[in-house]
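Trainee: Before I ask anything, here is the structure I am working with.
The values are calculated or read from the model by the stated rules, or taken from the named source; none is laboratory data. Bear in mind that the values here come from a model prediction, so they are computed numbers and not experimental data. Glycine gets a Cβ as well: all are built from the backbone with ideal geometry, and neighbour counts include every protein chain shown.
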Amino acid sequence: MRAYLLRRLWQSAVTLVGVSVLVFVILRVIPGDPAKMLLPEGAPQAAVEALNRHLGLREPLWIQYALFVRSVVRGDFGQSFQYRAPALRIVIERVPATIQLALTAMALTVLAGVPLGILAAVRQRTGWDYAGTVIAVLGQSLPNFWLGIMLVLLFGVTLRWLPTSGFGGWPSLVLPSVTLAAFPTALVARLTRSSLLEILGQEYIRTGRAKGLGEPRVVLRHALRNAMIPLLTVLGLQIGTLLGGAVITESIFAWPGMGKLVVDAIFFRDFPVVQTILILSATLFVVINLLVDLLYTILDPRIRYG
Amino acid sequence: MRRVARHPMIVVGGLILAAVIVASAAAPWLTRADPLRPSFAQRLRPPQGFGAVHPLGTDNLGRDILARVLHGGRLSLVLAATAVALAAGVGVAVGLSAGLIGGRLDDFVMRLADVQLAFPVIMLAIAIVAVIGTSAAALVGVLALSGWVLYARTVRAAVLTIRETDYVEAARTLGAGNLRLIGRHILPNTLAPILVLGSSQFATMVLLESGLSFLGLGLQPPQPSWGLMLAEGRDYLSNAWWLATVPGIAISLVVLGANLLGDGLRDVLDPRLRQ
């Protein structure tokens, strides 16, 4: 257990170092001459050169990388070109909105996906099962940007029930979170169904039924708990999907979160903000998946990694 | 083979996909309208049904929507297919070398895969596109880059198991070199999962390409790209619903077809991959 913990921690650390190298290469090495982008067009060559020197861009790459890591570790992600303020502060201000949206979508995913999967599994090869499969396949095929627009068209423009953009109160949360939740809900429903079906065929389930346990107790207490383990991995990985989906969903609904910020920042070529968001979201992903892996050992006492 | 032809998901998915591909390929014969030529007298005409001048209506610049969807399909499908082929090529090559050579190369490649998977695909894609620009070539490159990891992991895992089998051992004893082992014994055994991954990934690539174009980071106007058409149609939701609806249906059809095909192939070809 201890060895496993240490190994996973080491792997996560290596991944994070890789994340920093990748971000450094994409946003610092490939763009070439940031000074030219910072200065107004037609600035004299001497000014470009001076700024490059000032930013440390004439140093060898590995020194630039070391400086970059040092400032990131200190929490200094540079100044946002667009807002003229520390990039980290700009990003952090937008985090709560994204978290609110992602958590609501995650709750919807679990509350809709798991029961849908259970229903399809216990009523296998009936209308319920086929209807559930169709919903799940559609949920995985409708692009979320289109689904969002169609929801706006139906509930915002035609029926006028819900606000179509902006931030404030639960009504404005409904359409974006449904849009964001559609894909993971479909995935979770399918996975719940298949992993539950596999477990319902096990011997101990037959034993449970034979000794006279009611069906709800067999399914919910004995089968579902065992089906939760693959589900948990997928939910952990869905953090990435949610963060990625937030980029598009927030842009559609003008939701003031990190996703909208990153798209706006790209158009302004505000690389410090882009870099902050990339590093933060990758770190979040790595940490959550590490936690999920550790949770396993608690959920399933059989797992004792050597 | 017969099971492939009879599996309902494969049949339905294949038919949907084939229909979209054929319709896009035959675009110049199916409609004579120019997807790029604006006509201000004909702005925002609603769908008129088949046989009419503008069967699916016109957009905000009076361009024929049917022509734009069909020609847009050519772009989207070719971009996605190229990206899948590139991703599969690179991924398979990397997976084979990692599995066969092992050691440091293997460690390095697998860590690299972890690193890349830590970023939401679309964020990585928009960061790269922002830096290198929005040409079609850049778009294909970004899509391919986002996809190689899956193949590399799958092929590597397959190589690790196949490498230890008796028949590979036998072939090696008989003097077969690495290339021969790969070509005769290992690749044929990894073909099924590669095929399954490829058809599901085609759906992902179409989604990613149209998503990037939707955000303004993919194909650029006036190209008839599905994602771009959706973005343009968003501003006309209250008075011209068809602008955003039609390209969305096209994207959904392709994704649905490719997903069904992928799931069906998975069922038939590789029972172990079944979830």
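Trainee: Which number in (1) of a type outside the set (A, V, I, L, M); (2) more than 10 Å from chain B (Cβ to nearest Cβ); (3) free of Cβ contacts under 8 Å to residues at least 12 places away in the same chain marks the one condition that A:Gly244 misses?
Mentor: (2)
Trainee: Only one of these is assigned to a helix (DSSP H, G or I) and surrounded by 14 or more Cβ atoms within 10 Å (Cβ to Cβ): A:Ala112, A:Ala66. Name it.
Mentor: Within the list A:Ala112, A:Ala66, the selection yields A:Ala112.
Trainee: Still on this structure, I have one more. Among the residues of the range A:249-272, count how many are over 18 Å from A:Arg84 (Cβ atoms), of a type outside the set (Asp, Glu) and more than 8 Å from every other protein chain (Cβ to nearest Cβ).
Mentor: So the answer is 9.
Trainee: Also: Considering only residues of the range B:126-145 that are buried (at least 23 other Cβ atoms within 10 Å of the Cβ) and at pLDDT 85 or above, which is nearest to A:Val273 (Cα to Cα)?
Mentor: It comes out as B:Val142.
Trainee: Working only within the range B:214-242, note down all residues that are part of a helix (DSSP H, G or I) and more than 10 Å from chain A (Cβ to nearest Cβ).
Mentor: If the condition is that a residue be part of a helix (DSSP H, G or I) and more than 10 Å from chain A (Cβ to nearest Cβ), then B:Leu228, B:Met229, B:Glu232, B:Asp235, B:Tyr236, B:Trp242 are the ones that fit.
Trainee: For the range B:95-128, what are the residues that are under 20 Å from A:Leu27 (Cα atoms) and more than 8 Å from chain A (Cβ to nearest Cβ)?
Mentor: Result: B:Ala113, B:Ala125.
Trainee: While we're looking at this one, here's another question. If you take the residues of the range A:255-278 that are within 19 Å of the chain's Cα centre (by Cα) and part of a loop (DSSP other than H, G, I, E, B), which of them is nearest to A:Leu175 (Cα to Cα)?
Mentor: Applying the filter and picking the extreme gives A:Trp255.
Trainee: Still on this model: Tell me whether the range B:160-167 contains one or more residues that are among the aromatic types (Phe, Trp, Tyr) and in contact with a helix residue (DSSP H, G or I) (Cβ under 6 Å, 6 or more places away or on another chain).
Mentor: Looking through the range B:160-167, none of the residues is among the aromatic types (Phe, Trp, Tyr) and in contact with a helix residue (DSSP H, G or I) (Cβ under 6 Å, 6 or more places away or on another chain).
Residues are listed down the side, and each one gets a yes or a no for (1) out of contact with any Ser or Thr (no Cβ under 8 Å at 6 or more places or on another chain); (2) among the hydroxyl-bearing types (Ser, Thr, Tyr); (3) over 24 Å from B:Ser135 (Cβ atoms); (4) at pLDDT 80 or above:
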residue	(1), (2), (3), (4)
B:Ser39	no, yes, yes, no
B:Phe50	yes, no, yes, no
B:His54	yes, no, yes, no
B:Ala88	yes, no, no, yes
B:Val94	yes, no, yes, yes
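Trainee: Would you tally the residues in the range B:12-41 being assigned to a helix (DSSP H, G or I) and touching a Leu at 6+ places or on another chain (Cβ under 9 Å)?
Mentor: 15
Trainee: In this structure, does A:Leu51 turn out to be modelled with pLDDT under 85 and away from chain B (no Cβ under 14 Å)?
Mentor: So A:Leu51 passes the test.
Trainee: While we're looking at this one, here's another question. Which of the numbered conditions does B:Leu179 fail, given that it passes all the others? Conditions: (1) surrounded by fewer than 24 Cβ atoms within 10 Å (Cβ to Cβ); (2) within 30 Å of A:Phe253 (Cβ to Cβ).
Mentor: Failing condition for B:Leu179: (2).
Trainee: Something else: Identify, please: which residue in the range A:178-198 is buried (at least 24 other Cβ atoms within 10 Å of the Cβ) and polar (S, T, N, Q) and is, among those, farthest from the other protein chains (Cβ to nearest Cβ)?
Mentor: A:Thr185
Trainee: For B:Leu86, are the conditions met, namely being surrounded by fewer than 22 Cβ atoms within 10 Å (Cβ to Cβ), within 21 Å of B:Leu195 (Cβ to Cβ) and either away from chain A (no Cβ under 14 Å) or touching a residue at least 60 places away in the same chain (Cβ under 8 Å) (or both)?
Mentor: yes
Trainee: For B:Glu169, all conditions in the list (1) in a helix (DSSP H, G or I); (2) buried (at least 24 other Cβ atoms within 10 Å of the Cβ); (3) at pLDDT below 90 hold save one; what is the number of the exception?
Mentor: So the condition that B:Glu169 fails would be (2).
Trainee: When you scan the range A:218-240, do you find a residue that is at the interface with another protein chain (Cβ under 8 Å from one of its Cβ atoms), under 18 Å from A:Val95 (Cβ atoms) and not aromatic (Phe, Trp, Tyr), even just one?
Mentor: Among the residues of the range A:218-240, at least one is at the interface with another protein chain (Cβ under 8 Å from one of its Cβ atoms), under 18 Å from A:Val95 (Cβ atoms) and not aromatic (Phe, Trp, Tyr), which makes the answer yes.
Trainee: Using the structure shown, decide if B:Pro193 is more than 10 Å from chain A (Cβ to nearest Cβ), surrounded by fewer than 24 Cβ atoms within 10 Å (Cβ to Cβ), of a type outside the set (Gly, Ala, Ser) and under 18 Å from B:Leu139 (Cα atoms).
Mentor: It is false that B:Pro193 is more than 10 Å from chain A (Cβ to nearest Cβ), surrounded by fewer than 24 Cβ atoms within 10 Å (Cβ to Cβ), of a type outside the set (Gly, Ala, Ser) and under 18 Å from B:Leu139 (Cα atoms).
Trainee: Out of all the residues in the range A:136-166, which are touching a residue at least 24 places away in the same chain (Cβ under 8 Å) and either surrounded by fewer than 18 Cβ atoms within 10 Å (Cβ to Cβ) or within 9 Å of chain B (Cβ to nearest Cβ) (or both)?
Mentor: A:Val137, A:Leu138, A:Gln140, A:Leu142, A:Asn144, A:Phe145, A:Leu147, A:Ile149, A:Val152, A:Thr164, A:Ser165, A:Gly166
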